[in-house]
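Remarks on the structure that follows.
The values are calculated or read from the model by the stated rules, or taken from the named source; none is laboratory data. Keep in mind the model is a prediction, meaning the values are calculated, not measured. Here the Cβ positions follow ideal geometry from the backbone for every residue, glycine too, while neighbour counts run over all protein chains shown.
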Amino acid sequence: MQPLIDMRPVPTAPELPDAPEGTARLPTHGFAAVRHPTTLNSAPYTKDSWKDPKLLKQFYVPETEEMVKQITGARTVITESLLLRSEVWSETDALAAHAGHGEKKAETDAEAQSKEQLPEATELELGFPQFIGFSPSTGGASPAPKVHLDYAPNGARTHIRKFHPTMASVADSVIRAEEKLLSEGRTLRESYASSGVGPRWALYSIWRPLKRVTRDPLALGDARTFLESDYVPVIVKTPNLGIPGDKTTHDTESYLAHWSKGQKWYFISHQEPEEVLVIGLFDSERDKETVAAGGTLHSSVDLPGTEGEDARESLELRCLAIW
């Protein structure tokens with residue numbers, strides 16, 4: 001059984017720089033725990049407010065982008081997607097069926113009527129940012145029970161080009177700089193950060209529970225404790241989003257992982273809705289440091305004796321940061 005290191009007490013963003021030695025931080029561990037109450041955490045808003053895309057766009061997205069700027073120093077932070085998880089694990093959840101990719105669950109009459117009354121359904125599926133797990137026809141997504149990192153370095157670079165046309169437009173200065181270096185025969189891992197041709201950029205996931213976590217908490221691996229041989233490259237078929245009628249996919253490289261002695265794993269015990277995990281997925285400044293380039297292996301984990309608890313509910317905001 002793998003022991004978990006509790007990240008309590010959880011500092012606020014202003015407290016993080018002066019937190020005690022050993023506190024998880026993005027530059028060292030690849031992730032951080034931050035106490036970040038938002039407008040939607042207070043009355044008159046309720047847990048159901050977190051499932052309203054309009055309220056999320058109005059309050060949560062800008063407030064979270066400002067928090068990411070504060071703890072990273074990034075000049076620009078752009079939210080690319082919000083992923084609602086509210087189901088017990090399933091292979092055919094809302095993430096697998098998003099935007100018509102994969103099989104959708106059968107709709108009840110009430111769900112079909114709800115969808116008809118949701119004129120922004122197409123915008124949720126194809127717009128930017130993406131809203132995944134909010135559609136009445138697919139329901140929420142479920143926890144991811146495999147140790148994984150969403151993007152290997154090559155996958156991160158594919159992602160900013162292929163995920164959505166708006167994403168590619170926002171990342172234009174990065175993409176142009178990378179293409180220039182490649183045209184000169186230089187490798188991006190070795191030369192991008194030191195060349196000064198393009199800005200530093202990173203991908204982050206901001207993970208927040210919608211109620212106290214009593215089962216399937218999210219655990220994060222300290223990259224400094226992993227061997228290069230622990231990382232297992234895999235190709236993930238990823239939908240091409242933002243283009244009406246397009247059901248094609250592109251290949252994105254991700255990582256799964258082997259267990260090895262010495263790995264250290266962290267979590268927040270009984271994590272509350274005001275407490276978020278800031279998870280590094282890629283950082284161009286750290287591309288030469290480790291095979292994961294600042295990315296953090298992570299997974300939901302089973303806690304013995306919690307199988308009968310209600311399904312975990314969480315909201316994941318993924319964003320692109322540019323310095």
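Checking the structure you have, find out if any residue of the stretch 260-270 is aromatic (Phe, Trp, Tyr) and surrounded by fewer than 16 Cβ atoms within 10 Å (Cβ to Cβ).
Taking every residue of the stretch 260-270 in turn, none turns out to be aromatic (Phe, Trp, Tyr) and surrounded by fewer than 16 Cβ atoms within 10 Å (Cβ to Cβ).
Within the stretch 249-301, count every residue that is touching a strand residue (DSSP E or B) at 6+ places or on another chain (Cβ under 9 Å), under 24 Å from Ile235 (Cα atoms) and among the hydrophobic types (A, V, I, L, M, F, W, C).
Residues that pass the stated criteria total 10.
Name the residues in the stretch 271-312 that are surrounded by fewer than 19 Cβ atoms within 10 Å (Cβ to Cβ), of a type outside the set (S, T, N, Q) and more than 30 Å from Ser195 (Cα to Cα), would you?
Glu272, Glu274, Val301, Asp302, Leu303, Pro304, Gly305, Glu307, Gly308, Glu309, Asp310, Ala311
So, in the stretch 288-323, how many residues would count as being of a type in the set (S, T, N, Q) and under 11 Å from the mean Cα position of the chain (by Cα)?
Residues meeting the conditions: 1.
Tally time: how many residues in the stretch 176-227 are part of a loop (DSSP other than H, G, I, E, B) and of a type in the set (Lys, Arg)?
Initial filter on the stretch 176-227 (part of a loop (DSSP other than H, G, I, E, B)): 184-187, 196-200, 210-217, 222, 226-227.
Filter again for of a type in the set (Lys, Arg), leaving 186, 200, 211-212, 215.
Going through the stretch 176-227 one residue at a time, the tally reaches 5.
Please find, among Glu307, Glu228, Glu275, Glu285, the residue that is closer than 30 Å to Ser42 by Cβ and touching a residue at least 24 places away in the same chain (Cβ under 8 Å).
It is Glu275.
For the stretch 271-287, which residues satisfy the criterion of being part of a loop (DSSP other than H, G, I, E, B) and either at pLDDT below 95 or among the hydroxyl-bearing types (Ser, Thr, Tyr) (or both)? Before the answer, list the steps.
Applying the first criterion (part of a loop (DSSP other than H, G, I, E, B)) to the stretch 271-287 yields 271-274, 287.
Passing the criteria: only Asp287.
Determine which single condition Ser260 fails, assuming it passes every other condition in (1) among the hydroxyl-bearing types (Ser, Thr, Tyr); (2) touching a helix residue (DSSP H, G or I) at 6+ places or on another chain (Cβ under 9 Å); (3) under 28 Å from Gly133 (Cα atoms).
Among (1) among the hydroxyl-bearing types (Ser, Thr, Tyr); (2) touching a helix residue (DSSP H, G or I) at 6+ places or on another chain (Cβ under 9 Å); (3) under 28 Å from Gly133 (Cα atoms), Ser260 violates only (3).
Which residue is modelled with the lowest pLDDT, if the candidates are limited to the stretch 235-248 and must be loosely packed, with under 14 Cβ neighbours inside 10 Å and in a strand (DSSP E or B)?
Lys237
Of all residues in the stretch 7-54, which are among the β-branched types (Val, Ile, Thr) and free of Cβ contacts under 8 Å to residues at least 24 places away in the same chain?
Step one: list which residues in the stretch 7-54 are among the β-branched types (Val, Ile, Thr), which gives 10, 12, 23, 28, 34, 38-39, 46.
Scanning the stretch 7-54 gives Thr23, Thr46.
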